[in-house]
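Every number in this text was worked out from the coordinates using simple rules, so none of it is lab data. A quick note: this is a predicted structure, and the numbers were derived from the prediction, not measured. Using ideal geometry, Cβ is built from the backbone for each residue, glycine included, and neighbour counts are taken over all protein chains shown.
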Amino acid sequence: MVVVAPAELARRPQWVAWRLVSRDGEPKPTKVPYAPRTGHLASTTDPSTWASFEEAAAFCASNEWASGVGYVLSSDDPYVGIDLDACRDPRTGRLEPWAKSIVKRLNSYTEISPSGTGLRIFVRGELPPHGRRKGHIEIYSQARFLTNTGDRYLVAPDTIHARPQELLEWHHEVFGDPPEPRQNGHALRSPVQLADADLLLKARSSDNGAAFWALWNGDYSAYGSQSEADLALVNYLAFWCGPDPGRIDQLFRSSGLMRDKWERQDYRDRTIDKALDGKTDFYHGEGTSPQLIIGSTDPVTGEVVESPWQSLAELVNSKPDHVQELVQGLVWAGRTHWMYSAPGVGKTLFVVAMLMHVADETRETFCGRVVEHGPVLLIEEDSPLNLLAEYISMVADVYGFDLAALPFWVNRTQGIRITSPELATSIATAMTTAPQYPKVLALDACERIVPSEKFSSKELDPLASLLQKNVAQGVANIVIDHTRKSPTTAINQDPLDLLYGGRSKSAISDVMMHFSGAIKTQARLTFTKFRGQTPPALDVSFNDADGFKIRGKSRELTETERRIMEITNNAFGQWVTRDELEERSKLSNASLRRACAFLLECGYLERSEEHHPAKFKSSGSGPGMFNA
């Protein structure tokens, strides 16, 4: 499956895969979104379940059950998606006159739907709070995904255009003025001051979030009919929105339960009225509702459900999937890494070289550690760009990089500062303009990008906001920082003591690493904070002939590594292919790669550069101890 998307959408990490699912009682199948990185159900309000366009397309290519890719509309982007259904003859390509006039009027990127009977239009603009579906027209700007085929309707432009005025005028003609608010016997209160996506996230995170989320995604298998499910979802929405029928209606239209029956005003009003009649318990709009703290009463049934407390076993069994390692034992996707030292140790050179390996999909390891690949962005504010160019040239010469082929980009001009939420947002937006959305964002150095004398928690808040947004997108953050004391005064001190405001920096970091020494001779990388079992310190050195070398504490071979050594030793000096190793060792590809990388680094294995696929054999070194 080869799919092409508009360039500006393809740059944003807001993509999911989808499949058609038939449900009893439904006249046509439902498009259900899936997270490309996990294969689990995706959510149109949870960015952690989205991925890049390339990841979504690759997922579809390797999973035959996936029907295609879709773009998730979000309040963080400027796009509006218009879905015109039952407007095109798939045999002749002829459009209904009403659809043709809309395409001509909005005059922006348009493509043909997967069924061939509809059109999808993308424009830049803003929508009024009411009016999302009428007849064969649907229009959304957030909390919804639209399928993408790349089958462009050639009469329309091939790029997305800003049409704010045209969009508002057309929307008013179709949907009219917003409806007058109905009180349903309740005095109107101040509306809940939360964006739809934030409100849905709170609902999903509540005690009954699983039941709510199933309904939101269109799963009504727990109910006797979809009408019962409609009422149940409206009951949930009534709690979270307050007695606000207009907003309840608006949110319901974005849910998976939305169907033509909801367009019947008598049915819609009757369902909302029934949910609101006699209801006095509503979300208060700030913090967490007391109900969600002291009890777990279902707002639909009023019954007490499971305890708000969980056992240790439940906690461990529900922990997230393993975080992907981009550089084995050093860099993890979806985490923030804080790397700091006194000036002149060489951490920038080390980080640049490591990330060049991440960007180069032909490199399997860096210093014996298995590398996964992805695009990289570096904001360089510490060293002059001409000095950075010297670092890059040095690394390229040692390792033989083709710089033109690397998806690795650096800021064109310096002077970037993150001192306000608005500036943090501008950086997040700038990340989407890179030719590919990054897997890693590196910031060098913190004290330049966030100029401060104290690095108080408040001063770090804008930076923390950017880093947290990246983590939610699965991006690895690497922040390079300098201690404020000289190496001589740092002797025998805890590395965290060398940081002004170290606690606030530690609070926004998942991994903290301290460099000491000098990388041209030997530097030591010590993990001062790590969520999990802290890795041992690593000794790092660099020379112009061999590049970087890492050595750690000696340890015995693992059972996995011994198994590989046994297979290669029994081959009596003959080459063994990677496929043969995988078949005979019964190891996963990731475990095999990791073990082979260590054994190669330590000289226990040799690898043939002349054979494809790769072949290995024992070097004849004894088992036992080696440097990790």
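List of remarks:
- Contour excess over end-to-end distance, with Cα ends at Glu64 and Glu566 and 0.36 nm allotted per residue: 176.9 nm
- Neighbour-count ranking [beta-carbon atoms within 10 angstrom, fewest first] of Met394, Met565: Met394, Met565
- The calculated FRET efficiency for the pair Met394 and Asp277, based on their C-beta separation and a Förster distance of 60 Å, comes to about 0.25.
- Loop trypsin sites (Lys or Arg not before Pro), the range 1-85 (other Cβ atoms within 10 Å of the site Cβ: 13 or fewer; DSSP): none
- Pair Glu583, Ala434: separation of 7 Å Cα→Cβ label points (nm): 4.0 nm
- Each other residue within a Cβ distance under 15 Å of Pro407 adds +1 if Lys or Arg and -1 if Asp or Glu, for a net charge of -3.
- Taking label points 7 Å from Cα along the Cα-to-Cβ direction, Val174 and Val21 give a separation of 2.7 nm.
- Between Glu96 and Ser115, the simple spin-label model (points 7 angstrom out along Cα→Cβ) gives 1.1 nm.
- Charge tally in the Cβ shell below 9 Å around Val80, where Lys, Arg are +1 and Asp, Glu are -1, Val80 excluded: +1
- Note on the range 325-552: lysine pairs with Cα distance below 26 Å, sequence gap of 8 or more or different chains, count 29.
- Residues Phe122, Phe572, ranked from the fewest to the most other C-beta atoms within 10 Å, line up as Phe572, Phe122.
- The fraction of all Cα pairs in the range 94-152 landing in successive 5 Å bins from 0 to the largest distance is 4, 15, 27, 31, 18, 5, 0, given as whole percents.
- Taking Thr534, Thr577 and counting other C-beta atoms within 10 Å, the order from fewest to most: Thr534, Thr577
- The range 7-175 shape via C-alpha gyration tensor axes, a/c threshold 1.5: prolate
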